[in-house]
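Structure provided below as structure tokens; questions to follow.
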Amino acid sequence: METLFIWLGAISAITFVLSLLLLPWFVARIPSDYFTRPRDPHRWQVLLRPRAIVRNLLGLPVLLAGIAMLVLPGQGLLTIMIGLGIMNFPGKFELEKWIVTRKGVLQALNWIRRKAKHPPISAP
């Protein structure tokens, strides 16, 4: 049991450091009109392509790390947004929009973008 806690602590520390290092880069890559531009309603069909499968397999651990960071040290909501940004599934955009409308999330994203000298993300 003690080994489990050591591993959980190590994983928590690694994800915390990685989120601090990679977060500004990922947030700066979000287009400023991401939440206001029109969407293709038939986008779910791309799920069957190999690229979408790989993206989902890469994004799932990031998403799970973000969920864990809600109770562990780290940028939980922002890491969840990064994981969702990597992944592709039906309802993804609505979920991202819901998360961004939570108090303080859009402010935090735009603060990071301002530090990186990028225009702010338009509110949904």
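Give me Met87, Met69 ranked fewest to most by other Cβ atoms within 10 Å of their Cβ, as a rough exposure proxy. Mind showing how you got there, number by number?
Numbers: Met87 17, Met69 20.
The most exposed by this proxy come first: Met87, Met69.
May I pose another question? I need Leu20, Leu64 ordered by Cβ neighbour count within 10 Å, fewest first. Walk me through the numbers on the way to the answer.
Working: Leu20 11, Leu64 14.
By the 10 Å Cβ count, ascending: Leu20, Leu64.
Where does each of Leu22, Leu77 land when they are ranked from fewest to most other beta-carbon atoms within 10 angstrom? Don't skip to the answer; put the middle values down first.
Values: Leu22 13, Leu77 19.
Placing the least packed residue first, the sequence is Leu22, Leu77.
Looking only at Leu23, Leu48, Leu60, which one moves most when the chain is put into a Gaussian network model with springs between Cα atoms under 10 Å?
Leu48
Here are a few candidate values for P(r) over Cα pairs in 10 Å bins from 0, in percent: (1) 14, 47, 31, 6, 2, 0; (2) 13, 40, 34, 12, 2, 0; (3) 14, 41, 29, 13, 4, 0. Which one was actually calculated from the structure I just gave you?
(2)
Go ahead and run the numbers for FRET between Leu20 and Ser122, Cβ-Cβ distance against an R0 of 22 Å, rounding to 0.05.
On the way: r = 26 Å, r/R0 = 1.17.
With a Förster radius of 22 Å, E is 0.30.
Considering the chain as a Gaussian network with a 10 Å cut-off on Cα pairs, which listed residue, Ile11, Ile80, Ile30, attains the greatest mean-square fluctuation?
Ile11
Springs between alpha-carbon atoms under 10 Å, Gaussian network over the chain: tell me which of Pro24, Pro50, Pro90 tops the mean-square fluctuations.
Pro50
Same structure, new question: State, as an integer percentage, the relative contact order of the chain based on alpha-carbon contacts under 8 Å between residues 6 or more apart.
On the way: 127 pairs, mean separation 40.5, N = 124.
Value for the chain: 33 percent.
Only helical DSSP H runs with n ≥ 4 go in: add -39500 (n - 2.57) per run for the chain, normalise by residue count and round the 222 nm mean residue ellipticity to 500 deg cm²/dmol. Intermediate results must be reported in sequence, preceding the final value.
Values: 5 runs with 77 residues, N = 124.
Here the helix-only value at 222 nm equals -20500 deg cm²/dmol.
Where a number appears in this text, it was derived from the coordinates with a stated rule and is not lab data. Everything numeric in this text was worked out from a predicted model, so none of it was measured. So basically every Cβ, Gly included, is an ideal-geometry build from the backbone, and we count neighbours across all protein chains shown.
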